[in-house]
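I have placed the structure first, in the form of C-alpha cells, so that the comments after it can refer back to it.
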Amino acid sequence: CVDIAKLPKETGCFTYDPGFGATASCKSAITYIDGDAGVLLYRGYPIEQLAEKSSFTEVAYLLMHGELPNALQLSGFEHEVTHHSMMHEAFRTFLYGFRHDAHPMAMLTGMLGSLASFYHNDLNIEDPEQRRLAAIRLIAKIPTIAAACHRYSIGWPIRYPRNNLEYTTRFLHMMMEVPSEPLELNPVAAKALDLLFILHADHEQNASTSTVRLVGSTGANPYVSVAAGVAALWGPAHGGANEAVLKMLGEIGRPENVQSAVDKAKDKESGFRLMGFGHRVYKNFDPRAKIIREMTYKVLGELGVNDPLLDVAMKLEEAALKDDYFVQRKLYPNVDFYSGIIYKALGIPVEMFTVMFAIARTAGWVSHWLEQQNDPENRIGRPRQVYTGAPTRDYVGIAQR
Ligand code: ACO
C-alpha cells in the first residue's frame, strides 16, 4: 500500500484507477471488510454478533461514537433521535409540490437536500456539538420524511411520528395503512426491519458513502452531503439493486425459467445482469446475504407468507452457484438479493425498497461525515483525469466550419 500523498512531488507519480478499485480515498476507523474471507466488522464487532444481539439505534450509536453505549447513553441517544423526529410543517407544502407519482427516491433526495434550508443558516460545522446534532437530526428525520413521501405518493394523509414507539416500529406506524391487525405492532415485522437496518447501516467507502465524503470534503453542510449520498444510492448498480432484484424475479416468474435468465446474464451482448449478484469487494459470500437468506425463511414462515418468488430466488442462486461463469468471476448473491423478498413480505412497496436502504445507511453516512470533519488530513476531494481529447488547436470562425 503506497501513500502517494507522501511521495516527493518530483516522482511525478500519477495513478489511473477507474472505479477506484485499488485506491483508498481516506483513512477510516468505522467499518472493516475482508472481501476474500467474507468478514464485515462495525467498529471491530462482527456483523453476525450485532445482527443477533444488537438493535439499529445501538448500532447507529456505535457507528457514530466508536463504542457501544451503556444503558444510560443508549436511552439518551434514543431520546434525542425521538425528540428530533418531527418535520417542520412547511415541509408538507414542499412535499405536495412533487408529482403524485414521483419515485420516492426522487422525493427523498429533494426533501433531504431541503433540510439544509431549515437548519443550515444556524449551523456552525466547526462546532463538534452542532455537527453531532446535525447527524442526530438526519437519523431522526429520515424515517419521517420517507414515510411521508410514500403516503403522499399513494394519496394517504401524512402521519406524525408517535414518540412512544421505538425507531423501527415508529417508522412502520408512519408508513403503513391501519390494517385490522396492525402490522406495525407485529413484533416479527419490527424485528425483521430492525435487523435489515443493522445489516445496511454501513459498508465503508461504497459509492454513496464516498459521495457523502466527497461533498463533505468541500465544507458543504451535512444535509446536502447526505442528499448527494441518497442520489448515488439510487442507481441499480448500488442500492437500487434491491428494487431491480424483485422486478427481475417477477419477470423470471417461475423456477423453470431460471436457466434461461442465467444464460442471458452470461451473454454480454444481452446487457442483462443477474441483479443481486456480484460485489466489488466480496469475492466470497457477502456475510450480510448469509444472514438475510436465513432470515427470509424465518420471517416468511412467522408471517405466514408463501411467496413463489422465494422459490425462483432459491433456484436462481442454486443455478448461478453451479455455473462456471459465476464461479470463475466469484459472483455470489449480495445483500440485496434476498432483502426485497423480506420487504415485500412486510408489505413495503417495491419502489420504497431503496428508501429503506437509505434510512439505514444514514447512520453510516453521518458517521463518515463526522469522522471526516474531525480528520486533520481531510482535504478537498479532487480526482485527476487522463485527458483523451484534442491537442491544442486554433479557433475556427463559424463561417469557415
Ligand atoms: N451478472 C452477470 N455478470 C456479472 C454480474 C452480474 N450481476 N456482475 C458482474 N458480472 C461480470 C461482469 O460482466 C464482468 O465480467 P468480465 O470479467 O467477463 O468482463 C465481471 O463479472 C466483473 O464485473 P464488474 O462489473 O467489473 O465488477 P464491479 O466490481 O465493477 O461491479 C457490481 C460490481 C456493480 C456489484 C456488479 O457485480 C453488478 O452490476 N451487479 C449487479 C447489481 C447489484 O446487485 N448491485 C448491488 C451491489 S451491492 C450494493 O451496492 C448494496
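Here are a few things to note about the model shown:
- Search result, residues across segment 36-69 that are assigned to a loop (DSSP other than H, G, I, E, B) and among the acidic types (Asp, Glu): Asp36, Glu67
- Residue that is nearest to the ligand (Cβ to nearest atom), among those in segment 235-268 that are buried (at least 22 other Cβ atoms within 10 Å of the Cβ) and within 11 Å of the chain's Cα centre (by Cα): Ala241
- Taken over segment 294-316, the criterion of being within 23 Å of the chain's Cα centre (by Cα) and either within 15 Å of the ligand (Cβ to nearest atom) or buried (at least 21 other Cβ atoms within 10 Å of the Cβ) (or both) is satisfied by Thr296, Val299, Ala313.
- Residue ranges of helices (runs of 4 or more DSSP H) in segment 186-295 with at least 1 members in contact (Cβ under 8 Å) with a residue 60 or more places away in the chain and under 24 Å from Thr109 (Cβ atoms): 187-200, 207-216, 222-233, 241-252
- Some residue of segment 309-321 being without any contact (Cβ under 8 Å) to a residue 40 or more places away in the chain, closer than 24 Å to His279 by Cβ and in contact with a strand residue (DSSP E or B) (Cβ under 8 Å, 6 or more places away or on another chain): yes
- Counted residues, segment 77-114 - those being assigned to a loop (DSSP other than H, G, I, E, B), in contact (Cβ under 8 Å) with a residue 24 or more places away in the chain and more than 17 Å from Phe353 (Cα to Cα): 8
Any read-out appearing in this document is the output of simple, stated calculations on the displayed coordinates, not a laboratory observation. Because the structure is a prediction, the values reported are computed rather than measured. Methodologically, a virtual Cβ is constructed for each residue, glycine included, from the backbone with ideal geometry; neighbour enumeration extends over all protein chains shown.
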